[in-house]
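Written out below as C-alpha cells is the structure these notes cover.
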Amino acid sequence: MDVQLIGITVLWVFLYGYLVTASIDFGAGFFAYYGKLTKKEHITSKIISRYLSPVWEVTNVFFVFFFVGLVGFFPDTAYYYGTALLVPGSIAIILLAIRGSFYAFANYGARKSHFYSFLYGVTGLLIPASLSTALTISEGGFIEEQGGEIVLLTQNLFTSFYSWSVVFLALVSVLFISASFLTFYASRAEDQPALELLRKYALFWSFPTIAASLLVFISLQQHNPEHFYKTLDYAWMFIGSLFCFLIAIYLIFYGKRYGVAFIFVMLQFFFAFFGYGASHLPWILYDHVTIYSAYTNETMGIALIVAFMAGLSLLIPSLVLLMRLFLFDAEYVKGERKE
Amino acid sequence: MELDSAMLSRLLTSLTLGFHIIFATLGVGIPLMVSIAEWIGIKRNDPHYLLLARRWTRGFVVTVAIGVVTGTAIGLQLSLLWPGFMQLAGQVIGLPLFMETFAFFFEAIFLGIYLYTWDRFKKPIYHWILSIPVVIGSSASAFFISTVNAFMNAPQGFTLKEGVITDIQPLAAMFNPATPTKASHVLSSAYLTSAFVLAAITAFSILKGKDSIYYKKALRFTMVASFVFAVSTAVIGDFSGKFLAEYQPEKLAAAEWHFETSEGADLILGGTLSENNEVKYGLRLPNFLSILAHGNPAAEVMGLDQVPEDEIPPLFIHYLFDLMVGIGMFLAGISFLYVLMARFKNFNENNNMILRLIVIGGPLSVFAIEFGWIFSEVGRQPWILWDIMRTGHAATTADNVGLMFILFTLLYLLLGTICIVVLKKMFKNNPAENELEQLSE
Ligand code: HDD
Ligand code: HEM
Ligand code: HEM
C-alpha cells in the first residue's frame, strides 16, 4: 500500500468516526426538539443529555481532525475546495458554531430555553445537509476552472437531482443512526418509556434510509457514470451493507439485543461508506484532483503517518476510558451517579 | 485602503482570530489554575480550594465551547481564505497543525471525563490526575499552533526554486528560530491573563461586599500566580525583542519608530509622527532600545533606512507595542504590591483601591493579548510567509468575502453577548455562598 492510500484511508476512518458520532449528536438534537414540540420531552431528554454532555466536544474534534489532516496530506485540496467552498463552507461553520455554543449555553447555563433547543434541533438537520455538499461536489461537474480561477457552479448544484438525493440521504441517515443508538442507550438505562419511543423512531427512519441510498445510486449513474460503474466492482460491500441493515432491523423490531443491533447499523454504514470511498478513488475531486496529484511530499507524508501512529497510541486508551466511564458504566447511564 | 478579496480576507482572518484568541487564551490558562487549585485543596484538605476549582471549571465549560467553535471556524477559514498559502506552506508545516488536533483530541476526551467525575472516585487524587491531560493537551495545542505562527515569521526547513518546494525537513520548519520565544511568550501570557481574569472576578465580588474567607483565599492564590507569570512574561518578552532584532529587524524598527540605523539607540514611548516621520511628544529612554535589542547599551540597532520602501510594516504598531508592554508592567506592579502587602500583617491588602486596580487588570490583560497579536501579525506585513510569500498573493480570489465578513461579525456579536449573559446567570443563580453553606453542613 502506498503512503497516499494509507493517508486517505486514515482520513476516511476519521470521517467515518465523525459520521457516526455526529449523526448521533445531530439526530439527538432533533429528537430533543421534536420531543419538546410533542410534549414528550420528559421521556427522552434525560437519556439524551446524559449521553451528549461528556462527548460533544470529542465529536467535533473528529471533524477538525479530518479537514486538518486532509490539508496536511493533500495540500492541493485546500486550493480547489478552499476557493470553491467559501460560501457553503462559511455557512456550515456558522451553523456548527451556533450549534456547539448553544448546546453549552443550554446545558450548563440557562436551562429551559425554547429558543436554544429550537436552534439546537434545526441546526442538527441543516449541518448534515450543508456538509454533504462537499461530497456531492467531489463527484465533479460543479467546479470549473475559468481563466485560472476556481468557480463553484452554484446553479448546477441547486438544480442537480444527484445533489438533492445526497442531502436526503444525509438527513434520513442521521435520524436513523441516532435513533438506533439512543434505543440502545435507553435499554442500558432500563428506561422503558424512552426505549419504546426511540425504538419507534428507529424503525420509522429505517426504510427511508434504504430508499434514499437507492436514489443516490440511480442519480449517480446519471451524474457520474464512470464512478457508478466502479461501484459495481465493490458490489459485495454494498450488499454487505444491506445485509447488516436487515439484521439490525430484525433485532430492533423484535426488541432484542439493541447493542448488537447498533453495531450492525455501524457496520451497515461502514460498508457503504468505504464502498463509496474505495470506488471514488483515486479522485478526491473528480476530474481535477487525485490522491496522487494532490499529495504533499514524501518526507511530510511519512512524518504525518508517524505522528498519527504516536497520536493514536495516546488516543485509543483515552477513548476506551471515556466509553467505559460513560457508555458502559451502567450506574452512570441510569443516572444513579452523582456528578 | 482598497477593499479587494485580499484585504477582506485579512479583515475576516483578523476578526476570527481576534475573537478566538480570547477564548483560546483562557482555554490554555484556566485548566492550569483549576488543576493547581484542586491540588492545593486536596493536599491541605481545604474545601475552599476544591470549591474554587469546581466553580472555575463550570464557567470554563462555556468559554471552552466558544473556543472550540471559533477554532473550528479559523481552522476551516485558513483553507477558505488563504488557499494559496495553505497549498504552499501546508507541505512544510502540516505536521504541527496535525499534531495540534491530536492535542485537542486528548484534551477534549479528558475534559469530558473531568467534568463529570467529581465525586466518582474514592480517592480525590484520582480526579485530580484527570486534570493533567487537560492541562497538557491545551498547552501542547497552544505550543503547536505557535510553531506554525513562528514558521510564518522565520520560515526554514525547505528550499524554494521557481515556485517548487524541495528538500523538506518538517522538524526544522517546526523548530525555527522564532519558536522558542514565540511559544514560551504565548504560553506564559496565556497563564498570566487567565490568572488575572480570575483575580479580577474575585476582586469584583469582594468589592460587592462578599467577605467570606473563600474570596480572600481565591484572591491571594490568583495574585501570587499572576505575579509569577507577569515576571516570566516580561522576561520572555525581552527575549522576543532580541529575537526580532536578529531575525525581523524591520518589525522592531517599525515598532520603535527607529528610522536611522545607529548605535546606542533610544527607546521611544508614545508620541506622534509628523508627516516627514519626526517623532513629537514621545518620551525618550536613552540607550534602552539597544538594551532591548541586544542587551548592550552601545549596540547598533538597524533602522528603517535599511528596509525597501514597500517592505516597511505599518508604523501604528508602535502604539500597540507600547500598550502591551505598559499593561505588562501594570499587571506585574499590581500583583507585586498585593503579594507584598499580604506578607506584612499591618497592611490591608484587600483595600478598595487595590481591588479596583485588580478589576481593571482583568480586561487589560485580555487587551494586551490582542495588542500583542495585532502588533506581531501586522508587523510582519507585507509578508504572510516572511520574505517568501506576500499576503496579497496568498488570498482567495473568490467573491463574497465581504458578505462573509458581515455574517461572521454578526455571529461573534451573538456568541459574545450570549456568553456573557449565560455566565452571569450561571453564577447569580448559584452563588458561592450557597455552596459554602453546603460545605459547612
Ligand atoms: C498578557 C499579555 C502580554 C504581556 C503582558 C506582554 N506580552 Fe508581548 N506578546 C503577547 C502578550 C503579552 C502575545 C499576545 O502573546 C504576543 C503576540 C505574538 C506573540 O508571539 O506573542 C506578544 C508578542 C511580543 C513580541 C513580538 C514577538 C514577535 O512578533 O515575534 C515582543 C517583542 C513582545 N511581545 C515583548 C513583550 C515585552 C518586552 C513585554 C513586557 C512586559 C510584553 N511583551 C508583555
Ligand atoms: C496558522 C497560521 C496563521 C495564518 C495563516 C495567519 C494569517 C494572518 C493574516 C494573513 C493576517 C492579516 C494580517 C493583517 O491584517 O495585516 C492575520 C492577522 C492576525 N493574526 Fe494571524 N495567522 C496565523 C496564526 C495566528 C495565530 C496563531 C494567532 C493567534 C491567535 C494570530 C493572530 C492574528 C491576529 C490577532 C491578527 C489581526 C491583526 C490585524 O488586525 O490585522 N495569527 N493572520
Ligand atoms: C496561539 C494561538 C492559539 C491558541 C493558544 C489556541 C488554543 C486553542 C484552544 C485552547 C482551543 C480550545 C480547544 C479545546 O478546549 O478542546 C482551541 C480551539 C481550536 N483552535 Fe485554537 N488556538 C490558537 C490559534 C488557532 C489558530 C491560528 C488555529 C487555526 C489553525 C486554531 C485552530 C483551532 C481549532 C480547529 C480548534 C477547535 C478544536 C476542537 O474542535 O476541539 N487555533 N484553540
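The values are calculated or read from the model by the stated rules, or taken from the named source; none is laboratory data. If you're wondering where the values come from, they're calculated on a predicted model, not measured in any experiment. Every residue, glycine among them, receives a Cβ derived from its backbone with ideal geometry; neighbour counts consider all protein chains shown.
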*Only residues in segment B:354-381 that are within 14 Å of chain A (Cβ to nearest Cβ) count as the first member; pair them with residues that are modelled with pLDDT under 95 and within 15 Å of ligand 3 (Cβ to nearest atom), Cβ under 8 angstrom, at least 6 apart or cross-chain, and list the lot.*
none
*Given the conditions (1) facing chain B (nearest Cβ under 9 Å); (2) modelled with pLDDT of 75 or more; (3) over 23 Å from the mean Cα position of the chain (by Cα), which single one is not true for A:Ser313?*
(1)
*Out of all the residues in segment A:64-90, which are surrounded by fewer than 24 Cβ atoms within 10 Å (Cβ to Cβ), in contact with a helix residue (DSSP H, G or I) (Cβ under 6 Å, 6 or more places away or on another chain) and more than 7 Å from chain B (Cβ to nearest Cβ)?*
A:Phe66, A:Leu70, A:Pro88
*asked:* If B:Phe405 satisfies all but one of (1) at pLDDT 80 or above; (2) farther than 22 Å from B:Ser14 by Cβ, what's the number of the condition it fails?
replied: (2)
*Any residue at all in segment A:245-253 that is closer than 30 Å to A:Glu144 by Cα and either touching a Lys or Arg at 6+ places or on another chain (Cβ under 8 Å) or crowded, with 18+ Cβ neighbours inside 10 Å (or both)?*
no
*Can you work out which of the residues in segment B:160-193 that are more than 13 Å from ligand 2 (Cβ to nearest atom) and under 10 Å from the mean Cα position of the chain (by Cα) is surrounded by the most Cβ atoms within 10 Å (Cβ to Cβ)?*
B:Leu192
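A quick yes/no check of all residues on (1) of a type in the set (A, V, I, L, M, F, W, C); (2) surrounded by fewer than 20 Cβ atoms within 10 Å (Cβ to Cβ); (3) over 23 Å from the mean Cα position of the chain (by Cα):
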| position | (1), (2), (3) |
| --- | --- |
| A:Ala278 | yes, yes, no |
| A:Tyr286 | no, yes, no |
| A:Tyr292 | no, yes, yes |
| A:Asn297 | no, yes, yes |
| A:Met300 | yes, no, yes |
| A:Met309 | yes, yes, yes |
*Check whether at least one residue in segment B:109-118 is touching a Pro at 6+ places or on another chain (Cβ under 8 Å), small (Gly, Ala, Ser), within 7 Å of another protein chain (Cβ to nearest Cβ) and within 19 Å of B:Thr63 (Cα to Cα), and report yes or no.*
yes
*Among the listed residues B:Arg356, B:Arg390, B:Arg380, B:Arg343, which satisfies the condition of being within 16 Å of ligand 3 (Cβ to nearest atom) and either surrounded by fewer than 20 Cβ atoms within 10 Å (Cβ to Cβ) or over 21 Å from B:Ile30 (Cβ atoms) (or both)?*
B:Arg380
*Using the structure shown, decide if B:Thr181 is away from chain A (no Cβ under 14 Å), over 25 Å from B:Leu111 (Cβ atoms) and either more than 16 Å from ligand 1 (Cβ to nearest atom) or in a helix (DSSP H, G or I) (or both).*
yes
_Can you pull out every residue in segment B:330-339 that is at pLDDT 90 or above and surrounded by fewer than 22 Cβ atoms within 10 Å (Cβ to Cβ)?_
B:Phe330, B:Ala332, B:Gly333, B:Phe336
_segment B:360-413, residues that are part of a helix (DSSP H, G or I), away from ligand 2 (no atom under 13 Å from the Cβ) and among the hydrophobic types (A, V, I, L, M, F, W, C)_ = B:Ile360, B:Leu364, B:Leu403, B:Met404, B:Ile406, B:Leu407, B:Phe408, B:Leu410, B:Leu411, B:Leu413
*For segment B:358-399, how many residues meet the condition of being among the basic types (Lys, Arg) and away from ligand 1 (no atom under 12 Å from the Cβ)?*
1
_Tell me the residue from B:Val28, B:Val64, B:Val134 that is at the interface with chain A (Cβ under 9 Å from one of its Cβ atoms) and not polar (S, T, N, Q), please._
B:Val64
